[in-house]
Every structure is written in C-alpha cells, then in structure tokens.
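Student: Quick one: this structure, given as structure tokens, is what I'll be asking you about.
The values are calculated or read from the model by the stated rules, or taken from the named source; none is laboratory data. These numbers come from a predicted model, not from an experiment. Glycine gets a Cβ as well: all are built from the backbone with ideal geometry, and neighbour counts include every protein chain shown.
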Amino acid sequence: MMPEKIQNLRGFLCKSFEDNFFFRTYKENGSFIDYEICHSDLEIQILDKDAYIYARDGKYCIDYSPKTLGTEKEID
C-alpha cells in the first residue's frame, strides 16, 4: 500500500484490553479499520461532548462525564 495523507481523517482513539492505544475509523456499512499508532506526537482534537478532565492522584485524566460515571450531576 502506498502512503496516503490522512489530514482531517476522523475516527476514535481506542484502548485495547491490553492497555494499548489504536485509532479506529468506521465505514458507512459499519465495518471498521484499526490502525496501530506509530507516530510519536500525533496532534488530536477532542470533539466528544462526554469527555471531561479530572485530577486524580496527582495526575490528569480524561474520562467520561460525572453524569455518565454516575458520580454527580453533569457540569455544563
């Protein structure tokens, strides 16, 4: 396969059961392609409305909203 420029490709950053991250794109028919991430500093933009940043144990973490996690009312 020849290299293909993918600027503006939309997909999902996913985490496997083995704690490895990969990028998944979906086709209109519901099928998908998973890509191993080899790029060391890939720029991303978070568009998910249910993503929140938390400070936990001295570290920053991106997780679901408090409402989705069932911990408190959603913050606007």
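Student: What are the pairs with Cβ atoms under 6 angstrom where one residue, in region 48-62, is within 18 Å of residue 10 (Cβ to Cβ) and exposed (fewer than 10 other Cβ atoms within 10 Å of the Cβ) and the other, located anywhere, is of a type in the set (A, V, I, L, M, F, W, C) and modelled with pLDDT of 95 or more? Sequence gap at least six, or different chains.
Tutor: The qualifying pairs do not exist here.
Student: Follow-up. Look through region 19-35, keep the residues that are over 23 Å from residue 69 (Cβ atoms) and exposed (fewer than 10 other Cβ atoms within 10 Å of the Cβ), and return whichever of them is farthest from the chain's Cα centre (by Cα).
Tutor: Filtering region 19-35 for residues that are over 23 Å from residue 69 (Cβ atoms) and exposed (fewer than 10 other Cβ atoms within 10 Å of the Cβ), the one farthest from the chain's Cα centre (by Cα) comes out as 29.
Student: Could you check, for region 36-44, whether at least one of its residues is of a type outside the set (A, V, I, L, M) and either surrounded by 10 or more Cβ atoms within 10 Å (Cβ to Cβ) or assigned to a strand (DSSP E or B) (or both)?
Tutor: At the first step, the residues of region 36-44 found to be of a type outside the set (A, V, I, L, M) are 36, 38-41, 43.
Restricting the remaining residues to those that are either surrounded by 10 or more Cβ atoms within 10 Å (Cβ to Cβ) or assigned to a strand (DSSP E or B) (or both) gives 36.
There is at least one residue in region 36-44 that is of a type outside the set (A, V, I, L, M) and either surrounded by 10 or more Cβ atoms within 10 Å (Cβ to Cβ) or assigned to a strand (DSSP E or B) (or both).
Student: Only residues that are more than 18 Å from residue 16 (Cα to Cα) and surrounded by 10 or more Cβ atoms within 10 Å (Cβ to Cβ): list them for region 63-74, please. Spell out the reasoning first.
Tutor: So in region 63-74, the residues more than 18 Å from residue 16 (Cα to Cα) come out as 65-74.
Selection gives 65, 66, 67, 68, 69, 71, 74.
Yes/no per residue for (1) touching a strand residue (DSSP E or B) at 6+ places or on another chain (Cβ under 8 Å); (2) among the hydrophobic types (A, V, I, L, M, F, W, C):
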site	(1), (2)
1	no, yes
5	no, no
21	yes, yes
28	no, no
45	no, no
58	no, no
63	yes, no
67	no, no
70	no, no
